[in-house]
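The values are calculated or read from the model by the stated rules, or taken from the named source; none is laboratory data. This is a predicted model, so every value here is computed, not measured. In this analysis, Cβ positions are derived from the backbone assuming ideal geometry, glycine residues included, and neighbour counts consider all displayed protein chains. Calculation scope for accessible area: heavy atoms of the full protein, side chains included, ligands and nucleic acids excluded. Shrake-Rupley method; radii C 1.70, N 1.55, O 1.52, S 1.80 Å.
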Amino acid sequence: MSVKGTSGPGKGPGRGGSDPRRAETAAGTPADRPEQIRNVVLVGHSGAGKTMLLESLLASTGAITRMGSIADGTTVGDSDPAAVHQQRSVALSVVPLILDEVKVNLLDTPGYADFTGELRAGLRAADAALFVVSAVDGVDAVTTALWGE
């Protein structure tokens with residue numbers, strides 16, 4: 001599992017270091033009480049659009065200045081070299097977002113069945129699940145199985 005938002009030496013964009021896409025005022029005041037924190041897991045079949053939805057939410061709220069690209073390996077949630085190489089999420093990632101003094105931890109899960117453990121970890125930590133369904137594929141057998149989790 002990767003946790004975004006930590007800092008450390010030698011880390012590049014998407015790895016918690018200084019990311020030129022991060023907006024200056026996006027951080028806001030961090031939530032310091034449990035009632036100000038929500039964990040929302042993004043669930044869906046691989047390729048449904050979970051990672052790009054996460055990028056869109058970050059960009060539309062000003063947390064980043066522009067959306068990253070899966071093909072370019074510049075998404076906030078997928079900084080693992082294996083994820084960049086395979087152009088798909090291979091681990092659960094946690095990306096915080098501050099909205100009206102509420103910290104929303106967005107948990108982006110991999111969509112392939114090989115990574116069901118990562119999905120289950122995200123579901124255990126979540127207050128709510130947001131199902132992302134492909135407009136082209138619709139609700140398929142994998143989505144139905146994920147609903148069962």
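I'd like the full set of residues that are open to solvent by 40 Å² or more (accessible area, probe 1.4 Å), assigned to a loop (DSSP other than H, G, I, E, B) and either at negative phi or of a type in the set (A, V, I, L, M) (or both), limited to region 46-68.
Residues satisfying the conditions are Thr61, Thr65, Arg66, Met67.
Filter region 25-45 down to residues that are assigned to a loop (DSSP other than H, G, I, E, B) and at pLDDT 80 or above and give me whichever is most open to solvent (accessible area, probe 1.4 Å).
Per the stated criteria, the residue is Arg33.
Name the residue that is farthest from the chain's Cα centre (by Cα), counting only residues in region 117-147 that are open to solvent by 70 Å² or more (accessible area, probe 1.4 Å) and of a type in the set (Gly, Ala, Ser).
At the first step, the residues of region 117-147 found to be open to solvent by 70 Å² or more (accessible area, probe 1.4 Å) are 120, 124, 127, 130, 135-137, 139, 141, 144, 147.
Okay, now just the ones that are also of a type in the set (Gly, Ala, Ser), so 135, 141.
Numbers: Ala135: 20, Ala141: 23 Å.
Per the criteria, the residue is Ala141.
Taking region 43-78 as the region of interest, how many residues are without any contact (Cβ under 8 Å) to a residue 12 or more places away in the chain and over 29 Å from Ala141 (Cα atoms)?
3
If Ala71 meets every condition in (1) open to solvent by less than 40 Å² (accessible area, probe 1.4 Å); (2) of a type in the set (A, V, I, L, M, F, W, C); (3) part of a loop (DSSP other than H, G, I, E, B) apart from one, which number is that one?
(1)
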